[in-house]
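The values are calculated or read from the model by the stated rules, or taken from the named source; none is laboratory data. Since the model is a prediction, treat every value here as computed from it, not as a measurement. No Cβ is skipped: glycine too gets one built from the backbone with ideal geometry, and neighbour counts run over all protein chains shown.
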Amino acid sequence: MSTTRVFLLASALARLIEKERGGQRVRQGFFPDRADRSAHVQLAGETGHLILVSQSAADPHEEPAGISRSQAEALLELTAGRIEYLSITIAIGSHNATIQRVITPAPLDLISITFKQDRSARKFQPPVWFGPEVSSDLSYRARSIALAGLPSASEVEVTNAALHSLLDVLDHRAGEPQPQPSRAVRAPEPSEPILDAETEQDLDRLNIEDSVIRELARSLQPQGR
């Protein structure tokens, strides 16, 4: 049985990830719950689905049925509550995580990872750029947000360690071994300056990090009234 762990995410970091990876706009509308089942409509891009969910606590089961975009939009207008978010996929080591940048009913950033086995979920150690875990808090589920509004989420702090850890993930360097000291080599002649491939890569990465850090600083500045 799969297990999903959900964490809050600092909005400034979510914004950087969106800038690097883009995302897909998703709209979901939820009908009121019934004793034995629930239903919701989802529109992702041009793809629509009507999804029936059994209320069995032991093994909830989803039954999606494909519908047209126009049908999905018509059904969304009939739902009791709606949520709209940007869905972004990002690889974290051997896992794929999904970021939800909630737009409606109000801004909120979440990141979730689904594990095939509960043991793998328990062993997972979230990176330092993740915020507090809210996996067991039902008020952070899409249905609850759509029907009841956002919970009172605390602000997630952005630290230097969190920023650099995320930059490594975006630069595909997370988990890579640190470069070892190289053996001494004969220096090139002054008239023939040479930069090896590793040095050029490091300079490129520093330029990228400098640009991203400046963008983060701008995003954290108070907005003028």
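For residues in the stretch 39-79 being under 22 Å from P107 (Cβ atoms) and not polar (S, T, N, Q), which is modelled with the lowest pLDDT? Selected residue: G45. The sole residue among Q55, Q42 that is of a type outside the set (A, V, I, L, M, F, W, C), surrounded by 12 or more Cβ atoms within 10 Å (Cβ to Cβ) and in contact (Cβ under 8 Å) with a residue 24 or more places away in the chain is Q42.
Among residues belonging to the stretch 22-38 that are among the basic types (K, R) and farther than 20 Å from V102 by Cβ, point out the one that is modelled with the lowest pLDDT. I'd like the intermediate steps shown before the answer.
From the stretch 22-38, those among the basic types (K, R) are 25, 27, 34, 37; that's our starting set.
After this cut, where a residue has to be farther than 20 Å from V102 by Cβ as well, the list is 34, 37.
Working: R34: 82, R37: 86.
Selected residue: R34.
Can you confirm whether G81 is out of contact with any Gly (no Cβ under 8 Å at 6 or more places or on another chain) and surrounded by 12 or more Cβ atoms within 10 Å (Cβ to Cβ)? Outline the logic, then answer.
Numbers: out of contact with any Gly (no Cβ under 8 Å at 6 or more places or on another chain): no; surrounded by 12 or more Cβ atoms within 10 Å (Cβ to Cβ): yes.
It is false that G81 is out of contact with any Gly (no Cβ under 8 Å at 6 or more places or on another chain) and surrounded by 12 or more Cβ atoms within 10 Å (Cβ to Cβ).
Only one entry in L147, L86 is in contact with a Lys or Arg (Cβ under 6 Å, 6 or more places away or on another chain), touching a residue at least 24 places away in the same chain (Cβ under 8 Å) and either buried (at least 17 other Cβ atoms within 10 Å of the Cβ) or among the hydroxyl-bearing types (S, T, Y) (or both), namely L86.
Residues in the stretch 30-49: is at least one in a loop (DSSP other than H, G, I, E, B), polar (S, T, N, Q) and out of contact with any Cys (no Cβ under 6 Å at 6 or more places or on another chain)? Checked against the condition, which is being in a loop (DSSP other than H, G, I, E, B), polar (S, T, N, Q) and out of contact with any Cys (no Cβ under 6 Å at 6 or more places or on another chain), the stretch 30-49 yields no hits at all.
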